[in-house]
């Protein structure tokens, strides 16, 4: 029996909408959100396409989780406090098993990211396309931008790097580590952590920030260009994903050029203490461009077309 | 030569982002918007899929226009003042002619709807899928909901009805009017008018409102159900699209059950004057359900799955 849009929304998504900021959630023409007085709205949108951004045989729970976490990472990179999200879901058919599992993964991410679902649109189409819009708030003068890095600043990154790129190499059968390492890396790819609490802590402290979505060098390239500075990295200081301990030179390459880790990379004044769980990986200098261990580096990164 | 995402955004979409509410537009991890003090954020999202929501041979200018107008109509239905929009665009390839034309149509709609483009995401995928998120603002106590219709209220609609459904009948070769009527109806389908100014005027006046997206009966069914009332329509009072003057009984059916007109249908206290350009088409009564000329009517409407 075909499921119509209203029934589908009621059955799978209605319960994900509880949140203090949501004054009116799913069920009218639009959702209503309250912002903390005096703060600006911070909003970003990210699309995942099946077969392009994740393999077709990915568990739908993981697809639901990842779709929101990836979008939420942009709020973290701005230092925004999360308010709510909306979902635009295009599916070839209303497969109820898929929807049940997808909504469970999404619900978990809504809770982990503090982003209750305020509304959305479900449509039929020839491919599975998932667009998440995330909405957050921040005092206007505390927003983390890309353009404030200054010579002498420390360059820091949260968590570990290279894990998501290694997972892609496993999925594409370009690399075959042991089963334990493979499981850890695939979990890293499918369930990224949006560093929202760290982003909020960096307000008024970090001079620039971005999330590692296209790759460390590519994303630091945006900071260097926007700030008009050079960035020098020390490859020995890169915090490799633990499962990459035995991956040799590949691990270093994945950490530098691989995307999808969704860690925060940010610049701090020289005297600022390193936040817990973060690593100092280089420094900001006068000039332009990036270097690794003193050698000029290409920003590279993922090409969307 | 392939166009990468950054270049594509710069070339086609960068210029659509001028607007008072946008504190930071395209080019960082997220966009920043300012809300008028004391107002709530009103947000909605709508997706158009090529071949599902519009025929594959639709001019890309019209696709760009319609994608935003359809989403903006939800802001109108809430009485919200437009602030900005974001675009999530999935394309099989970066076809520059298509992008140029699409962005021109979108730019026109951004101007007409007062919704400058604040950000977005472009992705490659097997189908063209266009998701527009619209952001507006309204004083919390003035938002137009679906649940405030009261017995004795007038039922009113803006503009004309049935034109978009007639256009679909032409596109699907189920109906063959003269060329002049066909042109007018197709323009109506491809370039709907989001009734934003009317929505703002209805704040504090209308008791309930919704936009005609799924069909007049289906959408009034939502008002009747949410408000706990019955709605009685007078079919002779329906403002048919002018090109349907000779369409006979079909015209009436399209006006009642066809979707995609994006007019506002709303309820007004008995004594309130009819806004310019609107028609009184019935009244709210005690009870439940809809009737047309005294006969019970099925809500029907478009099934998304």
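Below are the figures for this structure:
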| quantity | calculated |
| --- | --- |
| Percentage of interatomic Cα-Cα distances in the stretch A:195-297 larger than 24 Å | 18 percent |
| For residue B:51, inter-copy label distances in nm, listed shortest first [label point 7 Å out on the Cα-Cβ vector] | 1.0 |
| Modelled label reach - residue A:201, point 7 Å along Cα→Cβ, the stretch A:255-289 residues with backbone N closer than 14 Å | A:264-266, A:273-280 |
| FRET E, pair residue B:245, residue B:271, Förster distance 45 Å, beta-carbon r, rounded to 0.05 | 0.85 |
| Computed FRET value (nearest 0.05) for residue B:11 with residue B:97, which takes r as the C-beta separation and R₀ as 22 Å | 0.95 |
| Degrees separating the helix B:96-112 axis from the principal Cα axis of chain B, which is the longest one | 50 degrees |
| For chain A: rounded, prolate or oblate by the Cα gyration tensor [a/c cutoff 1.5] | oblate |
| FRET efficiency, 1/(1 + (r/R0)^6) with R0 45 Å, evaluated for residue A:235 and residue A:23 via beta carbons | 0.35 |
| Cut-off 14 Å, label 7 Å out along Cα→Cβ of residue A:150, residues of the stretch A:253-270 by amide N | A:267-270 |
| Most mobile listed residue (B:136, B:199, B:228) in chain B, GNM with C-alpha springs under 10 Å | B:228 |
| C-alpha center-to-center spacing [the stretch A:185-200, the stretch B:218-263] in angstrom | 49 Å |
| Other protein chain Cβ atoms within 10 Å, averaged over every residue that makes up A:116-127 | 6 |
| Tilt relative to chain B, helix B:179-190 - C-alpha long axis, 0 to 90 degrees, to 10 | 70 degrees |
| Label-to-label distance, nm, for residues given as residue A:176 and residue B:279 (7 Å Cα→Cβ offset) | 7.1 nm |
| Protection proxy ranking, peptides B:68-80, B:158-170, B:280-292, average beta carbon neighbours within 10 Å, highest first | B:68-80, B:158-170, B:280-292 |
| Percent of beta bridges antiparallel (DSSP, the protein assembly as shown, rounded to nearest 5) | 75 percent |
| Degrees between helix A:60-78 axis and first principal axis of chain A (Cα, 0 to 90, nearest 10) | 50 degrees |
| Expected 222 nm ellipticity per residue - DSSP helices of 4 or more, -39500 (n - 2.57), all of the protein assembly as shown, to 500 | -9500 deg cm²/dmol |
| Shielding by partners, peptide A:131-143 (average Cβ within 10 angstrom, other chains) | 4 |
| Estimated D of the stretch A:5-142 in µm² per second, where Rh is the Kirkwood radius over Cα pairs and Stokes-Einstein applies at 4 °C, 1.567 mPa s | 86 µm²/s |
| Cβ-vector label at 7 Å, residue A:11, separations to other copies in nm | 4.4 |
| Gyration tensor verdict on the protein assembly as shown (Cα atoms; rounded if a/c is under 1.5, prolate if a/b is larger than b/c, oblate otherwise) | prolate |
| Relative frequency of Cα-Cα separations exceeding 12 Å in the stretch B:212-258, percent | 64 percent |
| Average other protein chain Cβ within 10 Å of Cβ, residues B:84-91 | 4 |
| Bridge type composition, chain A - antiparallel percent by DSSP, nearest 5 | 75 percent |
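Read-outs: derived from the displayed coordinates by stated rules, not from any lab. Note that the structure is a prediction, hence the values are computed from the model and not measured. Neighbour counts run over all protein chains shown; Cβ positions are idealised from the backbone, glycine included.
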